[in-house]
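Undergrad: Have a look at this one.
The values are calculated or read from the model by the stated rules, or taken from the named source; none is laboratory data. A quick note: this is a predicted structure, and the numbers were derived from the prediction, not measured. Using ideal geometry, Cβ is built from the backbone for each residue, glycine included, and neighbour counts are taken over all protein chains shown.
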Amino acid sequence: MRALVLLAAFGGCVDIADQGTPWEDASTMTGPMAPELGPAPSRRAEPGCKLRIASWNVHKVPDAADLVAHLKIPSAIADADVILMQESSAYAGEPMSRSAQIAEAVGMTWAHQPVRDLGDGGVQGNAILSRFPLENVAVKKLPYIEQPYHAQPRGAIAADVVVGDKRVRVVSVHLDVRISITDRVRQLDPAVIDLDERAVIGGDFNTAPWTWVEALVPLTSSEAVIGMKQAELLDDYMKSRDFTGNIPADANTFQVPGFGMRLDNLYSRAMPVTASGVEHLDGSDHWPIWIDLDLCN
């Protein structure tokens, strides 16, 4: 309720140039921005009650082999059944996206969504990697928010993770940086509404702990509007949609020194979460995060 009241009272919105697109069946899309879908996982996990889901902004994956090496180090992320990725890239001179290169190296299947042109022969987007089959993969463009500097298209990719006779709808998203909490909710909401009851949405929500003026100037510390910590307010909004945030608002998921903040989160609905955490694993400027779901209760 606090989030909804503040959203109604707080201005500073920037123009939303379009409202995005409906969910589109990834298997029917063609062209350079069509999603890339992998085969069945080569090291399929045995269905059980626990499902570990991780989320990691991999910051363009400058070196897929290096990130694979980090994923093979014993860690909570190495044991993940599903990894939601953001800022994963694909290049015309390579046979498959770097999401696919990583997934193939660790025996997972994948679904990769191109979102924006990097301008250097590459395309950046979101991805879902899984040790279980993925079905009903769909993608959508999120509302495009006009900004005076470095405006970018944003997207979301969703899939059913099939764990034996159970299914969990998962969504990977990446939101804009320099926008108010009002616009952040407006950009995210189309990816949240109408999801299955049992669902997880995660990614880089870019909930920096300050308010942006005209998408350019951050108001920090005493200049910021009291009670406008974006991570807490986004948690309130997700709670209004019956999702539980599993990484505390005061956690640090951004590993650049001097800029500790929770930019990333995993939100779950209708499934008990038995454990969660932030893994201090190198390979990106974000720390990966994870949750364990109990699918049997």
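Undergrad: Based on this model, can you work out whether Val162 counts as modelled with pLDDT of 95 or more and surrounded by fewer than 21 Cβ atoms within 10 Å (Cβ to Cβ)?
TA: yes
Undergrad: If you don't mind, there's one more thing I want to ask. If you take the residues of the range 232-249 that are outside any loop (DSSP other than H, G, I, E, B) and among the polar types (S, T, N, Q), which of them is surrounded by the most Cβ atoms within 10 Å (Cβ to Cβ)?
TA: Here is the first cut: in the range 232-249, the ones outside any loop (DSSP other than H, G, I, E, B) are 232-240, 244-245.
Those still in the list that are among the polar types (S, T, N, Q) too: 240, 244.
Details: Ser240: 14, Thr244: 16.
The qualifying residue surrounded by the most Cβ atoms within 10 Å (Cβ to Cβ) is Thr244.
Undergrad: Moving on to the next point. So, Leu175, is that one without any contact (Cβ under 8 Å) to a residue 40 or more places away in the chain and surrounded by 22 or more Cβ atoms within 10 Å (Cβ to Cβ) or not?
TA: Judged against the criteria, Leu175 is a match.
Undergrad: Mind counting the residues in the range 25-57 that are in a loop (DSSP other than H, G, I, E, B), more than 16 Å from Ala76 (Cβ to Cβ) and aliphatic (A, V, I, L, M)? Write out each step before concluding.
TA: We begin by selecting, within the range 25-57, every residue in a loop (DSSP other than H, G, I, E, B); these are 29-35, 38-49.
Now restrict to residues that are more than 16 Å from Ala76 (Cβ to Cβ): 29-35, 38-44, 46-49.
Subset that is aliphatic (A, V, I, L, M): 29, 33-34, 40.
Qualifying residue count for the region: 4.
Undergrad: How many residues are under 27 Å from Arg131 (Cβ atoms) and either of a type in the set (Lys, Arg) or touching a Phe, Trp or Tyr at 6+ places or on another chain (Cβ under 9 Å) (or both) if we restrict to the range 145-167?
TA: First pass over the range 145-167, keeping only residues under 27 Å from Arg131 (Cβ atoms): 155-167.
Subsequent filtering for residues that are either of a type in the set (Lys, Arg) or touching a Phe, Trp or Tyr at 6+ places or on another chain (Cβ under 9 Å) (or both) retains 156, 158, 161-164, 166-167.
Result for the range 145-167: 8.
Undergrad: Can you pull out every residue in the range 62-107 that is touching a residue at least 60 places away in the same chain (Cβ under 8 Å) and part of a loop (DSSP other than H, G, I, E, B)?
TA: Ile73, Ser75, Ala76, Ile77, Ala80, Asp81, Met96, Ser97, Val106, Gly107 - these are the residues of the range 62-107 that are touching a residue at least 60 places away in the same chain (Cβ under 8 Å) and part of a loop (DSSP other than H, G, I, E, B).
Undergrad: Could you please give the count of residues in the range 250-279 that are in contact (Cβ under 8 Å) with a residue 24 or more places away in the chain, more than 17 Å from Arg52 (Cα to Cα) and part of a loop (DSSP other than H, G, I, E, B)? Spell out how you get there, then give the answer.
TA: Just the residues of the range 250-279 that are in contact (Cβ under 8 Å) with a residue 24 or more places away in the chain, to begin with: 251-256, 261-274, 276-279.
From the residues that got through so far, the ones that are more than 17 Å from Arg52 (Cα to Cα) too are 251-256, 261-263.
Checking which are part of a loop (DSSP other than H, G, I, E, B) leaves us with 251-253, 255-256, 261-263.
So the count comes out to 8.
Undergrad: Within the range 38-82, take every residue that is at pLDDT below 95 and of a type in the set (Lys, Arg) and give me the one that is surrounded by the fewest Cβ atoms within 10 Å (Cβ to Cβ).
TA: Filtering the range 38-82 for residues that are at pLDDT below 95 and of a type in the set (Lys, Arg), the one surrounded by the fewest Cβ atoms within 10 Å (Cβ to Cβ) comes out as Arg43.
Undergrad: May I pose another question? Filter the range 110-123 for residues that are touching a Ser or Thr at 6+ places or on another chain (Cβ under 7 Å) and surrounded by 24 or more Cβ atoms within 10 Å (Cβ to Cβ); which is nearest to Pro35 (Cα to Cα)?
TA: Per the stated criteria, the residue is His112.
Undergrad: How many residues does the range 108-144 hold that are farther than 18 Å from Pro22 by Cα, part of a loop (DSSP other than H, G, I, E, B) and touching a strand residue (DSSP E or B) at 6+ places or on another chain (Cβ under 7 Å)?
TA: Number of matching residues: 5.
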